[in-house]
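Asker: If you scroll down you'll find the structure; I have some questions about it.
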Amino acid sequence: MVEHPFLGGLSALPLIKSGRSRAVNAENPKGEKGKGGMAASHLGPSRKGSPCIRDVAPGATAVLADIDGPGIIEHIWITVTDQTEAGTFVLRDLVLRMYWDEETEPSVESPLGDFFCNGFGRGCTVNSQAIVVNPTRGFNCYFPMPFRRKARIEIENQHEAAIPALFYQIDYCLHDELPEQTAYFHARWKRQRITDKAEDYVILDNVKGRGQYVGTYMALTTLERYWWGEGEIKMYIDGDDEYPTICGTGTEDYFGGAWSFATQRDGKTVENTYCTPYMGYPYYSSHDEDVHNLYHNDDAPPMRGFYRWHILDPIRFHEDLKVTIQQIGVYKKGLFERQDDVASVAYWYQTEPHQPYGPLAQKEERWPR
């Protein structure tokens, strides 16, 4: 009988399981038993001799993990600088990729920041069950990531300067085997710099197989005035064509809000950001606080970052899946079709093989406005 390694949480902690805990980082890149922290510093052996990968050159790819399975990645922690002398969009210039079982097409491909719900090349605090980002960009992911034969995780530096230090630790558990019905973790970043009027923005499409959709991160830059959040999210499941099986009631409703996210304070409209275990609005800004110049101000189009985890309510599919969201606003004359700048990360599990994603947008096309 195969042990079910995915049964966890506080109530399962007293239950002894057969898995073997391991971790990879810069000091133990192979996750070898009894070989952690062996590198020497000027303080001596095993005294923080190699805490990070140093000087990741432009165009270089740093391999964070190359693990033989079966196993399950249980936690990922990463932190890097968010700017260099070459620019301030490091978090969009670093590309995170994950490959399972020797596949040649990545199952995860996203700018590093966006994967951790830090879009726009800017850091923000996120406090949720699946993704946690602590002050000054301590990126944490708790999505379980199973693999049967191999797991490979990479970060490609597409920034114009070297990344001086890349800190990371990937905690995983080795198992003798995984349940037959185990699916693989996937995540994909997309962006449409100006959406087409009256056409839904596509968060995810061309998914073939069996699995479940588990989350959305959306980085929305509004390009028109007035309220922006009437667009409905749609889930086209298992052959849906013209109309979806699941259709929401509005953008802020999908992210758990109501009546916008604004309140009135001293006669002014104030945005309210928030984080909860399964949904949040952690980032709002209409300024570029990281750049100061004598010849221009710091104004920027309003930027909003949202997450929604379908952990307790996964969207299950057996054949195919497509996820879209409308760009609809409202003002005193009623609803109107909008055109905005939308980027997103879709998170899901599915059987392999998956459909290739196509080329990732060039770094300049990923930069925020």
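The values are calculated or read from the model by the stated rules, or taken from the named source; none is laboratory data. All values reported here derive from a predicted model rather than from experimental measurement. With ideal geometry, Cβ positions are generated from the backbone for all residues, glycine too; neighbour counts draw on all protein chains shown. Heavy atoms of the whole protein, side chains included, go into the accessibility calculation; ligands, DNA and RNA do not. Shrake-Rupley method; radii C 1.70, N 1.55, O 1.52, S 1.80 Å.
Asker: With a cap of 12 neighbouring Cβ atoms within 10 Å, and only residues DSSP puts in a loop, list the GluC sites (Glu not before Pro) found in the range 81-116. Don't skip to the answer; put the middle values down first.
Answerer: Working: sites: Glu85, Glu102, Glu103, Glu109; in loops: Glu85, Glu102, Glu103.
The qualifying sites are Glu85, Glu102.
Asker: State, to one decimal in nm, how far the label point of Gln362 lies from the label point of Asn297, with both points 7 Å from Cα in the Cβ direction.
Answerer: Modelled inter-label distance: 3.2 nm.
Asker: Starting from the Kirkwood Rh over alpha-carbon pairs, what translational D in µm² s⁻¹ does the range 82-144 have by Stokes-Einstein at 25 °C and 0.890 mPa s? Provide the component values of the computation, followed by the final result.
Answerer: Working: Rh = 12.5 Å.
Estimated via Stokes-Einstein, D reaches 196 µm²/s.
Asker: Using a cut-off of 9 Å between beta-carbons, work out the net charge of the residues near Gly87 (Lys and Arg +1, Asp and Glu -1, Gly87 not included).
Answerer: -3
Asker: To continue, here is another question. Can you work out ³J(HN,Hα) from phi for every residue in the range 26-31, in order, using Karplus 6.51 cos²θ - 1.76 cosθ + 1.60 and θ = phi - 60°, giving whole Hz and x for Gly and Pro?
Answerer: Taking θ as phi minus 60°, the curve returns 5, 8, 9, x, 9, x Hz for the range 26-31.
Asker: Between Gln181 and Asp253, take the C-beta separation as r, use R0 = 25 Å, and let me know the FRET efficiency to the nearest 0.05. Mind showing how you got there, number by number?
Answerer: On the way: r = 32 Å, r/R0 = 1.29.
Efficiency at R0 = 25 Å is approximately 0.20.
Asker: When the Debye formula is applied to the Cα atoms of the chain, each taken as the same point scatterer, what base-10 log of I(q)/I(0) results at q = 0.07, 0.12 Å⁻¹?
Answerer: The computed values of log10 I(q)/I(0) come out as -0.32, -0.95.
Asker: What order, most packed first, do the peptides 252-265, 162-175, 311-324 have when packing is the mean number of other Cβ atoms within 10 Å of each residue?
Answerer: Values: 252-265: 14.5, 162-175: 18.8, 311-324: 16.4.
Listed from highest to lowest mean packing, they are 162-175, 311-324, 252-265.
Asker: Show me the trypsin sites (Lys or Arg not before Pro) within the range 327-363 that DSSP assigns to loop and that have at most 16 other Cβ atoms within 10 Å of their Cβ. If you can, show how the numbers build up before the last one.
Answerer: On the way: sites: Lys332, Lys333, Arg338, Lys363; in loops: Lys332, Lys333, Arg338.
Qualifying residues, ordered by number: Lys332, Lys333.
Asker: Based on a Kirkwood Rh over C-alpha pairs, give the Stokes-Einstein translational diffusion coefficient of the range 278-369 at 20 °C and viscosity 1.002 mPa s in µm²/s.
Answerer: Numbers: Rh = 17.5 Å.
For these conditions, the coefficient is 123 µm²/s.
Asker: Can you flag which of Lys208/Lys322; Lys234/Lys322; Lys150/Lys363 are past 18 Å Cα-Cα? Display every interim value, and only then the final one.
Answerer: Values: Lys208/Lys322 10 Å; Lys234/Lys322 8 Å; Lys150/Lys363 29 Å.
In this structure, Lys150/Lys363 exceed 18 Å between Cα atoms.
Asker: Using 1/(1 + (r/R0)^6) with R0 = 30 angstrom and r between the beta carbons of Glu32 and Asn134, what's the FRET efficiency to the nearest 0.05? All intermediate terms of the calculation are to be shown ahead of the outcome.
Answerer: Numbers: r = 28 Å, r/R0 = 0.95.
My answer for the efficiency is 0.60.
Asker: Go ahead and estimate [θ] at 222 nm for the chain from helices alone: -39,500 (n - 2.57) per DSSP H run with n ≥ 4, summed, over the residue count, rounded to 500.
Answerer: Values: 4 runs with 16 residues, N = 369.
Calculated from helices alone, the mean residue ellipticity at 222 nm is -500 deg cm²/dmol.
Asker: Restricting things to alpha carbons, tell me how big the range 101-233 is in terms of Rg and Dmax, in Å.
Answerer: 17.5, 56
Asker: A further question follows. Which three extents, in angstrom, do the Cα atoms of the range 1-59 have along their principal axes, listed largest first?
Answerer: Over the range 1-59, Cα extents along the principal axes are 47, 33, 22 Å.
Asker: So how far apart, in nm, are the two label points at Ala39 and Tyr284 if each is 7 Å from Cα heading toward Cβ?
Answerer: 4.2 nm
Asker: Something else: Find out how many positive minus negative residues lie around Ala300, taking Lys and Arg as positive, Asp and Glu as negative, among other residues whose Cβ is under 13 Å from that of Ala300. Display every interim value, and only then the final one.
Answerer: Working: positive: Arg122, Arg304, Arg369; negative: Asp288, Glu289, Asp290, Asp298, Asp299, Asp341.
Summing Lys/Arg as +1 and Asp/Glu as -1 gives -3.
Asker: Another one. Taking a ≥ b ≥ c as the square roots of the eigenvalues of the Cα gyration tensor of the range 248-301, is the shape rounded (a/c under 1.5), prolate (a/b larger than b/c) or oblate? All intermediate terms of the calculation are to be shown ahead of the outcome.
Answerer: Numbers: a/c = 2.71, a/b = 1.87, b/c = 1.45.
Prolate.
Asker: Estimate the FRET efficiency between Ala86 and Lys197 by the formula 1/(1 + (r/R0)^6), using the beta-carbon distance for r and 30 Å for R0, to the nearest 0.05. All intermediate terms of the calculation are to be shown ahead of the outcome.
Answerer: Numbers: r = 36 Å, r/R0 = 1.21.
Using R0 = 30 Å, I get an efficiency of 0.25.
Asker: Heavy-atom accessible area per residue, the chain, 1.4 Å probe: how many Å²?
Answerer: The answer is 48 Å² per residue.
Asker: Taking 8 Å as the Cα distance limit and 6 or more residues as the minimum spacing, I'd like the relative contact order of the range 26-125 as a percentage. The partial results should precede the final answer.
Answerer: On the way: 115 pairs, mean separation 16.3, N = 100.
Result for the range 26-125 is 16 percent.
Asker: For labels at Tyr243 and Leu15 in the simple 7 Å Cα→Cβ model, what's the distance in nm?
Answerer: According to this spin-label approximation, the distance is 4.2 nm.
Asker: Can you tally the net charge around Asp176? Count Lys and Arg as +1, Asp and Glu as -1, for every other residue whose Cβ sits under 12 Å from the Cβ of Asp176. Numbers along the way, then the final one.
Answerer: Working: positive: Lys17, Arg20, Arg148; negative: Glu3, Glu177.
Overall, the nearby charge balance is +1.
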